[in-house]
Each structure stands twice: as C-alpha cells, then as structure tokens.
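Working notes, beginning with the structure itself.
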Amino acid sequence: MNRPLRRIAPLLALLFMAASPGEFPDASRLPSRPELPDPLVRLDGQRVTTAEGWTKSRRGELKSLFEHYMYGKAPHPGSLWSIERTDPNSLGGKATTKEVAIGVGPDGGLKIHLLLVVPNRRTGPAPVFLGTNFYGNHTATKDPAVRLSTAWMPDKAPGCKDNRATEAARGLDADVWDIETSIDKGYAIATFYCGDVAPDHPGLADGVFPLFGKPGPNDWGAVAAWAWGLSRAVDYLVSDSDIDRTKIAIVGHSRLGKAAILAGAFDERVALVIPHQAGCGGTAPSRGTVGESAKQINDRFPHWFCGEFKTFNTQTDHLPFDQNGLIALCAPRPVLLTNAIGDQWANPSGQFQALLAADPVYRLLGVEGLGVKEMPATGVLVDTRLGYHIRPGKHSMGREDWQVFRAFADTHFGRPTP
Ligand code: GCU
C-alpha cells in the first residue's frame with residue numbers, strides 16, 4: 001500500500017462499517033486522496049493480494065463505484081436483431097456488408113442500426129473492430145446502399161453546411177473509419193451511430209432514456225448509454241458466424257473513446273480496447289491538472305455522466321477511484337491509449353500515468369502490463385498489453401491512427417503484421 005493510503009486505511013474502514021450494504025457515502029464523507037488511488041485497495045482500505053481476490057470481490061466493487069459516482073447505472077440488457085440487408089459483393093467483391101437492426105429497450109422498439117463489413121478473403125471467422133460513429137453509418141462509407149440515418153443529429157458538423165443526416169454527408173468520414181484498408185488486412189469493421197442510443201444533447205429525453213424511465217442521480221448518462229449500445233452490438237457480433245467472437249476489439253474517438261473504455265471495462269466479451277484521445281472522463285485522470293477538468297466537462301456536457309459525478313467538480317481528490325481503475329477493470333485484456341501531441345486537452349501524459357497506475361492489476365493477474373516506465377518518443381508504439389502511442393498532430397482520428405490500431409491488434413490477436 002502506498003503511504004497516503006496506509007494513513008487513511010483505518011478511516012476508510014470506519015466509514016464503510018458505518019455504510020449499510022449496497023450504499024455508498026456522498027462525496028463530502030469520502031476522504032481526500034490526492035494521488036491516483038490504487039485499484040487493488042478496497043473501499044474498506046484493505047489491499048487485495050491475490051488474483052482471486054481481485055476477480056471475485058474487488059472487481060465487482062470497483063465497477064459499482066464507477067456506476068454510482070461517475071457513469072451511472074445502466075439497466076439490464078435485452079436485445080433482438082434482424083439482418084435487414086446483406087450485400088456479398090461490396091467494395092468490388094472484397095467484402096460482405098450487412099446492415100443489422102438491433103432492437104433494444106423493454107419491447108425492442110428502439111433500433112441500433114449496425115453496419116458490419118466483413119472481408120471475403122479469409123480462412124475463418126474475422127476479427128472485428130467495433131466502434132460508435134459521430135454522424136451516422138452513411139458518413140463512414142461511400143457505399144450508396146448504406147442506410148441514411150434518420151436519427152437526431154447535431155446541427156453543426158465539421159465539413160458540412162447543415163447537419164449530416166443528408167446524402168451530401170455520405171462518405172464524409174470515410175477516412176475516419178478507413179474501412180477498405182482494414183478489409184484488405186483481414187479485419188471486419190462494425191459501427192453504429194451513437195445517437196441511435198443516446199442523442200448527444202442535454203435533457204436525456206430521447207433515445208434509450210425514456211424507455212427505462214427518467215434517470216435518477218445515480219442512473220446512466222450518455223457515455224454509459226453509448227457503452228451499453230456497444231455491448232448490445234457485441235450481443236449481435238458473438239452470434240454472427242463470420243465474426244471471431246474471441247477477437248472483438250472496441251475503438252472509439254474522444255467522447256466515444258470514453259464509451260469505448262467503459263464498454264471494455266464492463267463487458268468481458270470485449271477482447272481488446274483502443275480509446276483514442278479519450279481524455280477527461282475516459283482515460284485521463286479526473287485528478288489531472290492538464291487539459292479538461294471534471295468541472296469543465298460536467299458544466300459543458302451535463303448529460304454525459306450521472307448527477308452524482310457533479311458533486312466531485314471541485315473535489316476530485318475525494319473520488320474513491322480514478323481512471324486508472326477503469327483501465328484496470330479491463331485486465332488482463334490489452335488496452336492501447338492513443339494520443340496526439342497537439343491534443344493536450346485530452347492530457348496525454350496524464351493518460352500515461354493512468355496506465356502506470358493500472359499496471360499492478362495486470363501483474364497480479366500474472367500478465368505483463370505496461371512494458372515501459374517512461375512515455376515513449378513520438379511515433380513509437382508501446383505494444384505491451386497496456387500500450388501507448390502518441391503522434392504529432394491534433395484531435396482527430398484517421399488512416400494513420402488505424403495503422404497503429406491494426407499493428408496493436410495484430411500483436412495481441414496473434415496475426416502476422418504484413
Ligand atoms: C470536447 C470535450 C472532450 C471530448 C471532445 C470530443 O472537446 O471537452 O471531453 O472528448 O469534445 O468528443 O470530441
């Protein structure tokens with residue numbers, strides 16, 4: 001146990017003897033912990049020292065803490081799907097494209113429209129990258145047959161005069177998704193519009209929220225809903241015989257990277273996670289002093305996290321966890337954090353610190369965690385199970401990022417790198 005934690009352990013023990021089972025104290029009753037909390041230290045101050053202790057008790061406790069204080073609790077799943085269109089001859093015959101409607105909610109009434117593109121040249125089921133997109137599936141591909149999204153869209157989008165629910169937006173984000181190159185390299189790509197699940201605006205009156213009743217202060221916000229949507233897509237993917245169910249990688253950019261790491265942390269069917277420039281509320285410490293703060297994110301995007309998270313705005317040191325704990329929940333599965341020098345808002349160096357502070361959980365589980373102690377040079381991929389990469393440039397996702405995503409997946413999925 002590190003020194004500050006050893007000091008507060010008795011205090012924590014007292015506090016939680018007083019809390020009734022299933023209840024967590026409010027922020028003002030949690031002790032200040034200026035350092036990143038060790039994910040192996042339980043709420044009662046005891047440190048877990050065996051893999052079994054982590055898997056059987058601490059992991060569940062940490063998940064509940066993240067739900068209660070930050071992301072909110074998502075309802076129990078239930079999804080039904082139908083394949084609405086199959087084109088075995090897309091990308092000039094290189095791929096099969098499927099459009100799948102995944103019905104979610106109590107009566108399956110809300111549809112997540114999943115676009116799945118699978119390589120035709122392969123010797124078995126394909127590994128897959130799954131991710132949510134910002135502006136509809138039709139923006140991720142130039143394929144004219146892909147359904148135009150009819151869900152709510154934000155009015156302003158880069159490169160677009162109006163919102164993107166139009167034919168004019170078809171293929172505008174083709175470089176963001178780089179589908180054809182992944183197909184050439186043997187990977188399938190699956191994506192859906194985040195707004196199918198939770199439109200990205202405050203109010204929580206649309207999408208999946210009304211189906212489950214008005215969210216309370218500890219119920220899900222949009223990030224948790226997007227992560228939940230990713231898990232519903234996984235429900236489908238594990239049932240599709242074209243997909244290798246042991247090789248489902250989740251990727252997401254920025255706010256959707258926050259959803260990616262949450263989905264990976266909570267859903268063990270996810271084999272590998274790549275939160276790209278996920279920053280505050282994702283892979284950067286809430287206690288961080290570089291880039292976006294918890295207060296800034298909560299003020300500007302009040303619908304992303306649960307109500308309770310706002311109570312930590314000016315006292316993040318009272319959070320009983322930090323984002324290193326969310327990364328640790330993915331252990332022993334590979335996680336790659338990718339960043340850009342010009343995106344200090346996402347706190348790239350703080351994210352590296354989060355990896356270092358997640359590493360003890362990987363070691364406890366008997367696997368290599370982060371293979372380096374210092375941030376790598378620009379452009380150098382650390383491809384150990386906890387991986388890191390930083391490139392020049394800005395806040396964006398594109399073809400050069402996909403080269404890194406695929407190189408990391410090649411390593412951990414045991415695929416030859418061409
Ligand atoms: C804003 C926000 C970030 C978020 C980003 C994005 O910059 O402050 O937290 O990651 O939008 O989603 O692009």
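Our helix-only sum for the chain, with -39,500 (n - 2.57) per DSSP H run of n ≥ 4 divided by its residues, gives a mean residue ellipticity at 222 nm of -7500 deg cm²/dmol. Coordinate range of the alpha-carbon atoms in region 305-418 per principal axis, descending: 49, 36, 26 Å.
In degrees from 0 to 90, rounded to the nearest 10, what is the angle of the helix 399-412 Cα long axis to the longest principal axis of the chain? Helix 399-412 sits roughly 70 degrees off the main axis of the chain. Applying both filters, DSSP loop and at most 14 other Cβ atoms within 10 Å, to the trypsin sites (Lys or Arg not before Pro) of region 313-397 gives Lys373, Lys394. The simple Förster model, with R0 at 51 Å and r as the Cβ-Cβ distance, assigns Thr123 and Lys73 a FRET efficiency of 0.75.
Along its principal axes, the chain has C-alpha extents of 65, 46, 38 angstrom, given from the largest down.
Helix 255-266 axis versus longest C-alpha principal axis of the chain: approximately 70°, rounded to the nearest ten.
Label separation (Lys394 vs Thr150): 3.5 nm, computed from points 7 Å beyond Cα along the C-beta direction.
Whole-Hz Karplus values for region 338-343 come out as 10, 9, 9, 4, x, 10 Hz, taken residue by residue from phi with 6.51 cos²θ - 1.76 cosθ + 1.60 and θ = phi - 60°; glycine and proline positions read x. Mind checking which lysines have their Cα closer than 29 Å to the Cα of Lys73? Skip sequence neighbours fewer than 8 apart in that chain. Result set, ordered by chain and number: Lys56, Lys63, Lys111, Lys214, Lys247, Lys258, Lys295, Lys310. Stokes-Einstein diffusion for region 114-210, with the hydrodynamic radius set to the Kirkwood value over Cα pairs and evaluated at 10 °C in a medium of 1.306 mPa s, equals 112 µm²/s.
Any idea what the dipole of region 212-307 comes to, in debye rounded to 20, about its Cα centre with Lys/Arg Cβ at +1 and Asp/Glu Cβ at -1? It comes to approximately 340 debye.
Taking trypsin sites (Lys or Arg not before Pro) across region 96-145, the ones in a DSSP loop with at most 14 further Cβ atoms lying within 10 angstrom of their Cβ are Arg121, Lys142. Shape of region 351-418 from the C-alpha gyration tensor: oblate (a/c of 1.5 or more and a/b not above b/c, with a ≥ b ≥ c the square roots of its eigenvalues).
Remark: the chain carries 39 Å² of accessible area per residue (probe radius 1.4 Å; ligands, DNA and RNA excluded). A cut-off of 5 Å between modelled amide H atoms, ignoring neighbours fewer than 5 places along the same chain, links Val273 with Ile250, Val335, Leu336.
For the Cα atoms of the chain, what angle does the longest principal axis make with the long axis of helix 3-18, in degrees from 0 to 90, nearest 10? The helix 3-18 is inclined about 90 degrees to the chain.
Taking Lys and Arg as +1 and Asp and Glu as -1, the other residues whose beta-carbon sits under 14 Å from that of Arg363 total 0.
Less than 18 Å from a label point 7 Å out along the Cα-to-Cβ axis of Ser32: which backbone N atoms in region 288-304 qualify, by residue? Residues passing the 18 Å test: 288-289, 294-295. With contacts taken as Cα pairs under 8 Å at a separation of at least 6 residues, the chain carries a relative contact order of 16 percent.
The values are calculated or read from the model by the stated rules, or taken from the named source; none is laboratory data. Remember, it's a predicted structure, so these values are computed and weren't measured experimentally. Virtual Cβ from ideal backbone geometry, glycine too; neighbours counted across all protein chains shown. Each accessible area value is taken on the protein alone, full model and side chains, heavy atoms only, with ligands, DNA and RNA left out. Shrake-Rupley method; radii C 1.70, N 1.55, O 1.52, S 1.80 Å.
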